[in-house]
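Colleague: Here it is, the structure, as structure tokens.
The values are calculated or read from the model by the stated rules, or taken from the named source; none is laboratory data. Quantities reported herein were computed from a predicted structural model and do not represent experimental measurements. All Cβ positions, glycine included, derive from the backbone under ideal geometry; neighbour counts span all protein chains shown.
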Amino acid sequence: MKDTLQRFLFENAAVRGEIVHLDATWQAVLERHDYPAPLRALLGEMMAAVALLAATLKLKGRMIVQLQGSGPVSLLVVEGTSERTLRAIAHYSEQDLQGDLRTLLGDGRLAITLEPREGGERYQGIVDLSGDTLADALTDYLMRSEQLDTSLWLAADAQQAAGLLIQKLPGEKSGADVDLWNRVQHLSATIRSEELLAVPPGEIIRRLYHEEDVRVFEAEPVCFRCSCSRERVANMLRTLGAVEVHEILAEQGAIDVACEFCNQKYNFDVVDAEQLFAAGVSPETPRTHH
């Protein structure tokens, strides 16, 4: 059950579901950042949610979910891709964090960005943060921006993160069970956080929906992967311009850039800088540090 996404479909109505369980994927984030417990729980829930939501999209590319606030937690970012990879980061100002979503973020906003890899336009939706939980905020967003009836149950601790999503698809099937959505919502709401974290997805589906006609698909792997690269850092330095880059080098001797998501470090010296701004020349062998 570790690091898997399990899709399922109700045969008699336009309703689908997904369960995700993150183990090593979540641990990869925690190994790189020592987050306080309430923030850790929120970020873990957010990773599970992004894995679920990204899986509902047909586009090839990435989904970026951001929470920005005025409270002790100022920013959470989770990126998920169509290849079922995830990465996450959080910014906060206090170690002694307590409280629910509202307390941690204060007045906040939820932004979801979709970036197709090949063609298509970048899309971003932004709404004011609503509800006391991340599940509430995301459910509200999906209803307001996508007009999709969606319900989410999320859980995370220091070892794992997990989530359950059910979604009513547009258009009713001929002869559909019109009451199924209400039944599925009621059944799903009986799940406890401990079950979501500890019980395998297939068993959760059997426990919750054993009286329904459910088609379960093959589980898909999920993993942590950072999309940073030396080339991306080089492009960022190019946007600063040759003058500013050479001023930094004159002052510091080298430019060290660390990725916030994975702590990978990229080093650029004077020779690298010359290559950056030489026409048609791209960065050569990476100087990276773990």
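Colleague: Exactly one of these conditions fails for Glu121: (1) in a loop (DSSP other than H, G, I, E, B); (2) touching a residue at least 12 places away in the same chain (Cβ under 8 Å). Give me its number.
Modeller: With respect to (1) in a loop (DSSP other than H, G, I, E, B); (2) touching a residue at least 12 places away in the same chain (Cβ under 8 Å), Glu121 is out only on (2).
Colleague: Would you confirm whether or not region 133-142 contains a residue that is in a loop (DSSP other than H, G, I, E, B) and either surrounded by 15 or more Cβ atoms within 10 Å (Cβ to Cβ) or out of contact with any Phe, Trp or Tyr (no Cβ under 9 Å at 6 or more places or on another chain) (or both)?
Modeller: Applying the first criterion (in a loop (DSSP other than H, G, I, E, B)) to region 133-142 yields 133.
Pick out the ones that are also either surrounded by 15 or more Cβ atoms within 10 Å (Cβ to Cβ) or out of contact with any Phe, Trp or Tyr (no Cβ under 9 Å at 6 or more places or on another chain) (or both) and you get 133.
Yes, that holds for at least one residue.
Colleague: Can I ask one more? Which count do you get for residues in region 11-54 that are touching a residue at least 60 places away in the same chain (Cβ under 8 Å), outside any strand (DSSP E or B) and within 16 Å of the chain's Cα centre (by Cα)?
Modeller: 22
Colleague: Look at Leu75 and say whether it is part of a strand (DSSP E or B), surrounded by fewer than 19 Cβ atoms within 10 Å (Cβ to Cβ), of a type in the set (A, V, I, L, M) and out of contact with any helix residue (DSSP H, G or I) (no Cβ under 7 Å at 6 or more places or on another chain).
Modeller: So Leu75 fits the description; yes.
Colleague: Is it the case, given these coordinates, that Leu43 is over 21 Å from Arg207 (Cβ atoms) and surrounded by fewer than 19 Cβ atoms within 10 Å (Cβ to Cβ)?
Modeller: Working: over 21 Å from Arg207 (Cβ atoms): yes; surrounded by fewer than 19 Cβ atoms within 10 Å (Cβ to Cβ): no.
Spelling it out, it is not the case that Leu43 is over 21 Å from Arg207 (Cβ atoms) and surrounded by fewer than 19 Cβ atoms within 10 Å (Cβ to Cβ).
Colleague: Residues to consider are Ala198, Ala161; find the one that is free of Cβ contacts under 8 Å to residues at least 40 places away in the same chain and over 11 Å from Val15 (Cβ atoms).
Modeller: Going through Ala198, Ala161 in turn, just one is free of Cβ contacts under 8 Å to residues at least 40 places away in the same chain and over 11 Å from Val15 (Cβ atoms): Ala198.
Colleague: Let me ask you something else. Only one of (1) at pLDDT 90 or above; (2) surrounded by fewer than 13 Cβ atoms within 10 Å (Cβ to Cβ); (3) of a type in the set (Asp, Glu) fails for Glu195. Which number is that?
Modeller: (2)
Colleague: Under 25 Å from Val73 (Cα atoms) and not basic (Lys, Arg): which single residue out of Gly163, Gly120, Gly171 fits that description? Break it down into steps so the answer makes sense when it comes.
Modeller: On the way: Gly120 fails: under 25 Å from Val73 (Cα atoms); Gly171 fails: under 25 Å from Val73 (Cα atoms).
Every option except Gly163 fails the conditions.
Colleague: Something else now. From the residues in region 90-117 that are touching a strand residue (DSSP E or B) at 6+ places or on another chain (Cβ under 7 Å) and of a type in the set (Lys, Arg), which one is surrounded by the fewest Cβ atoms within 10 Å (Cβ to Cβ)?
Modeller: Arg117
Colleague: Further, regarding this structure: Evaluate region 172-184: report whether one residue or more is assigned by TED's automatic domain parsing to the domain that holds Phe10, in contact with a helix residue (DSSP H, G or I) (Cβ under 8 Å, 6 or more places away or on another chain) and either modelled with pLDDT of 95 or more or in a strand (DSSP E or B) (or both).
Modeller: no
Colleague: Residues Thr113, Thr139, Thr103: which one is within 26 Å of Val199 (Cα to Cα) and assigned by TED's automatic domain parsing to the domain that holds Thr25?
Modeller: Only one candidate qualifies: Thr139.
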